[in-house]
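Each remark here refers to the structure printed beneath this line.
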Amino acid sequence: MPSPRAPHWLYRRENLPNLWLIQIAILVLALLPEFFVHHHAHFPGQGMTLDASWGFYAWYGFTTCAGMVALAKVMGIFLKRPDHYYDDRDDGVRDD
Amino acid sequence: MGFAMTDLAWPPGLILLLGAAALPFARERLRSALILGLPALTLAAIWWWPLGTLVSVPFLDYQLELVRVTSEGRLFATVFAIMAFAGGLYALRQATTFELTAAYAYAGAAIGVTFAGDLITLFIFWELMAIGSTLVLWAAGTEGAYRASLRYLLIHLLGGVLLMAGIAAWVAETGSIAFTAMRPESLATWLILAGFLINAGAPPLSAWIADAYPEASPSGTVFLSAFTTKTAVYALLVGFPGAEILVPIGLYMVFYGILYALLENDMRRILAYSIVNQVGFMVVAIGIGTPLALNGAAAHAFAHILYKALLLMSAGSVLWMTQRRKCTDLGGLFQSMPVTTINGIVGALAISAFPFTSGFVTKSLETQAAANEGLALVWLLLLAASAGVFLHAGIKFPWFVFFQRDSGLRPPDPPANMRQAMWLFSFLCLAIGLFPQVLYGILPHPVDYQPYTLEHVVSQLQLLLFAGFAFFAMLPLMRRTLTISLDFDWFYRKFFKELLSEFSVRTSAFHGALTGRWRGRIERLVGNLSRHHGPQGTLARTWPTGSMVLWVAILLGASLLLYNR
């Protein structure tokens, strides 16, 4: 077990760029098959061939997730409350 | 009754339900044997009776079908029994006997539902589940759990009332109590559907899941995550296949679960929101209603019970060892809890439907069904939601609990029985992913689907890896805060409470004014009386003897004058 003075390599600041590089390398690897695997369209009858286009699953996964994170952020502005919100009037029972 | 063998048949759910009653009386070794043996015995009983077996008993004017073995029911009962076994193993040395008794009765009732051939039997087991699960919550023994259990019970009693009213109306309408496929076209069937949907965590009452489940003990939450919502999936699967209304309801649940989980800070509440998300997939598939879609819903429910329990076991181990539940307090635990971390990650990969895990081979049945029916929008939304599952459960949970910044906590892995339960479910998550034909073989409809095509594996990996990229790219936006998020439960936890206290403030003011006015009147009356009749009152004054004599003389004089004339 590492002592608190010598943080695990995951937590060392100098390794951060390497971690990003590894992640980008994995993403590039995941995109390589696009050059030889053919995605068939799921809805040819409806004239939708978007899902057979180059890199569809990659950009769709990224943008929808980015969108969901952004939407959650906006919802948070309206919906977030301190986590003792419901306890305030609870006759002093609970929590520290 | 059909054939002689059925005289011996015994509803498999009763083995757990009645066996649970023996737990409080069993000593140490027998107790362990019962906890591990009862689910195994139940599993054997589930598979002992061939499809089509029927056990019925007369009740009033009806024949109750306590057991009707169908392929759907057997599938759900199987995973419920496996779940009870692993949950029992996980809870073996940590949970109270009270919790285990309640949990086994709860599991037995859930299995009872899956074998119920008629609506009355279904309803009885349905309500036993509500009681059992409430007791599991109580067993946590905290003030928060007690309060949450009352809110939980309230919602489930409401669901039970809707279901009972629906069943009564349905019997009045059709004269039959058989539990078969219905269409939501009359008041009766709408009420039954509403009763089922409340237990599934459908809008607007989805909040009960994230409100109640995370208040239970570490093992209690594992049990709770499995039975109620999946029994509702079973009931919808048998009762309302192809009901179109389920598609939008399910899509709402899918995104509700993702967005609320993204906002959440409590690790087990993240996973509770994720239950709504996953059940949403199944509800959509049931709404699509083709054999492939129904197979997908059933298979996904089977796989989901295993990986969600695994995730909650992992979270429960962290809670057990650290007594902390908020992401803001956790992080860096992978250094001292490697077993919990690995198993948590297997569960996270399985829920995200990574290739070679159980999620991949089951959820893809559902998305494929949407594609086959030409539902392009539904398919695109499910695809986005699949990416979102990785975002909110697949990465968020392990990242914030086991990695992120180092919290400095160095707890060891949990005790052996908790580790074994996690390994068992990790094994099953991977085994189903690697050998899907075994699960496909027991699905309700014949399966003609091959999940492992190069194209499918590649597209799924791309979708998930880029979803993960979005997570890390937007990590600053997801800084954990000490917050909860408002939901529909605000109405019954805050709005009506405030309304009530406002009402009592106003009524007490009114009451005060009213009593004040009457008190004034009475005081005035008393004052007047005492002024006239009191010690100093005009009418009660004591007069001197001299004036008495004078008055007597006057009276005598007057009588002389009056009578002697």
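The values are calculated or read from the model by the stated rules, or taken from the named source; none is laboratory data. The structure presented is a predicted model; accordingly, all values stated were derived computationally and were not measured. Because the Cβ atoms are built from the backbone with ideal geometry, glycine has one as well, and the counts that use them run over all protein chains shown.
All of B:E455, B:E498 fail the test of being at negative phi, free of Cβ contacts under 8 Å to residues at least 24 places away in the same chain, of a type outside the set (V, I, T) and in the same structural domain as B:D329 (by TED's automatic domain parsing), apart from B:E455.
Residue by residue, here is whether (1) at pLDDT 95 or above; (2) touching a Ser or Thr at 6+ places or on another chain (Cβ under 8 Å) holds:
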{"residue": "B:L237", "(1), (2)": "yes, no"}
{"residue": "B:I249", "(1), (2)": "yes, no"}
{"residue": "B:N265", "(1), (2)": "no, yes"}
{"residue": "B:V279", "(1), (2)": "yes, yes"}
{"residue": "B:A285", "(1), (2)": "yes, no"}
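Number of residues in the stretch B:10-61 that are in contact with a strand residue (DSSP E or B) (Cβ under 9 Å, 6 or more places away or on another chain) and of a type outside the set (G, A, S): the value is 10. Could you tell me whether the stretch B:204-219 includes any residue that is free of Cβ contacts under 8 Å to residues at least 40 places away in the same chain, assigned to a helix (DSSP H, G or I) and of a type in the set (S, T, N, Q)? Scanning the stretch B:204-219 turns up no residue that is free of Cβ contacts under 8 Å to residues at least 40 places away in the same chain, assigned to a helix (DSSP H, G or I) and of a type in the set (S, T, N, Q).
Considered as a group, the residues in the stretch B:522-545 that are basic (K, R) and surrounded by 10 or more Cβ atoms within 10 Å (Cβ to Cβ) include one that is nearest to B:W490 (Cα to Cα), and that residue is B:R524. Looking only at the stretch B:333-363, residues that are touching a Pro at 6+ places or on another chain (Cβ under 9 Å) and surrounded by fewer than 24 Cβ atoms within 10 Å (Cβ to Cβ) come to 7 in all. The set of residues from the stretch A:24-57 being touching a Phe, Trp or Tyr at 6+ places or on another chain (Cβ under 7 Å), part of a helix (DSSP H, G or I) and surrounded by 15 or more Cβ atoms within 10 Å (Cβ to Cβ) comprises A:L27, A:E34.
Scanning the stretch B:424-436 for residues that are hydrophobic (A, V, I, L, M, F, W, C) and either in a loop (DSSP other than H, G, I, E, B) or buried (at least 17 other Cβ atoms within 10 Å of the Cβ) (or both) yields B:L424, B:F425, B:L428, B:C429, B:I432, B:F435.
The set of residues in the stretch B:329-369 being among the polar types (S, T, N, Q), within 14 Å of another protein chain (Cβ to nearest Cβ) and part of a helix (DSSP H, G or I) consists of B:Q335, B:T341, B:S364, B:T367, B:Q368. Would you confirm whether or not the stretch B:394-413 contains a residue that is part of a helix (DSSP H, G or I) and of a type in the set (G, A, S)? Checking the stretch B:394-413: at least one residue is part of a helix (DSSP H, G or I) and of a type in the set (G, A, S). For the stretch B:437-496, a tally of residues being at the interface with chain A (Cβ under 7 Å from one of its Cβ atoms), in a helix (DSSP H, G or I) and of a type in the set (G, A, S) returns 3.
Only one entry of B:A77, B:A45, B:A84, B:A33 meets the criterion of being over 26 Å from the mean Cα position of the chain (by Cα), surrounded by 17 or more Cβ atoms within 10 Å (Cβ to Cβ), outside any strand (DSSP E or B) and hydrophobic (A, V, I, L, M, F, W, C), and that entry is B:A45.
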